[in-house]
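Novice: I am attaching a structure below and will ask some questions about it afterwards.
Here, each number is a calculation from the coordinates, and none is a lab measurement. Model, not experiment: these values are computed from the prediction.
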2 protein chains.
Amino acid sequence: MRSDARRNRERLLAAARAVFAEHGIDAPMATVARRAGVGAATLYRHFPTREALVRGAFARQMETCGRALGDALAADDPWTGLTHLVETVCALQREERGFPAAFLDAFPETREEHARSREQAERDVTALVRRAQESGALRPDFHPSDLVVALVAHCGLVAALPDDPRASRRLVAYLLQSFRAAPPTAPLPPPSGLTLRGLPLTPEGGGSRTPRRS
Amino acid sequence: MRSDARRNRERLLAAARAVFAEHGIDAPMATVARRAGVGAATLYRHFPTREALVRGAFARQMETCGRALGDALAADDPWTGLTHLVETVCALQREERGFPAAFLDAFPETREEHARSREQAERDVTALVRRAQESGALRPDFHPSDLVVALVAHCGLVAALPDDPRASRRLVAYLLQSFRAAPPTAPLPPPSGLTLRGLPLTPEGGGSRTPRRS
DNA sequence: TGGCAAGCGGACGAGATCGTCCGTTTAGGC
DNA sequence: GCCTAAACGGACGATCTCGTCCGCTTGCCA
């Protein structure tokens, strides 16, 4: 790869993060190209589709999410691991502007290519939850899908209010406290059937667009 | 108002709800007109802007939100009032497809015209929270802005997963349980400075669009 | 240093949405 | 039944975005 090509690729990724943060994930491709100081053709040559651009722009964040799950499993105390996982992913959503939109946008998408790593993530989360429950710190009626519920809800919050990190921190604190095992809690409604489908908890997963219009 | 005009207006509102539910709040105006069986001019004559259409389509939901706040204040037990308020608003978000998007979309908007009713809602929420805390049911470190945090987060969840009412119910249950006063809870991070700005907790409030692109 | 292929970017055609214009239709009072 | 003004709706021009084409530039190897 020629040096100018590599340089332009990096410029495009930085411009994409900036533009997505400022104008949302649906910003015109031409805006990204202009901000990067390159022509439209160069943008399309490096990233043929918007999905590829989004995926490239937030690859590092996706990887961090994936690592966070591994770290959580490796932690000595499973409850600490779970807390760290939630806080890491939520901090990422909070800090990298544009990422929440990409995260939410990617979520409902089904990608066969990543089925394997997703299943692995699924098993990891299940194992983490069970161990945290066995340690007595996580409430026994917690369901692995509740983790998805929490992350998606938090993501929606930061997407709606990108300028209020305090709101994010309050929500995370409330949720983690309600996940904690405690004697007098009313029974919860039945768990959601959510899976990790498309959720960037694996290094390879997530990052595609679902057009709203048809 | 002529009878055919009134009939077309109703058709347009119903079509808008259906189209917004199916294709999101950004669906083309022409789609709404076609679904209603009227021409584009008729749509624009009744609702000059998309904002007006959204506002019209979800006026009933907005009113229900406003009434729910009044009901909560009027309840004998303030904690019961608060839970009813949260559950009513969340049920609305869950049941009327398109409404979550409108709710989120409307939220960051500032509308001077409704400043008065918003301030009233603000006072009502504050009063409700204080009374619930004095009754001992609501945790003392709960801040009125936490209600906004919870509602916006729930809204983001239903917007991302409109087909999973169980996820919504789980989140609501977790949040309400974590709001409940209980002896051994770690201190929360500082409250968000959120206000009710644009939040449809008053009959007149909310319902406008904020374009993402510039 | 010369040559060439990889890389670049402006321009362009296609497609979509917006909001308006204007000729036609129709409801409802007389 | 007639007449008028209100209401209708199809068509249209303007604007925007997408993705591609093609002539020009430039990094890199010999």
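Novice: Assign one of three labels to region A:3-57, namely rounded, prolate or oblate, based on the Cα gyration tensor with a ≥ b ≥ c the square roots of its eigenvalues; rounded applies when a/c is under 1.5, prolate when it is not and a/b is larger than b/c, and oblate otherwise.
Specialist: It comes out prolate by the Cα gyration axes.
Novice: Given the C-alpha centroids of region B:68-82 and region B:153-179, what is the distance between them in whole angstrom?
Specialist: 21
Novice: If you don't mind, another one. Per the Debye formula with a single identical scatterer at each Cα and no solvent contribution, what log10 I(q)/I(0) holds for region A:59-179 at q = 0.14, 0.17, 0.21 Å⁻¹?
Specialist: After summing over all Cα pairs, the log10 values are -0.59, -0.87, -1.30.
Novice: Shifting gears a bit: For region B:1-138, what does the convex hull of the Cα positions come to per residue, in cubic angstrom?
Specialist: Residue-normalised Cα hull volume stands at 123 Å³.
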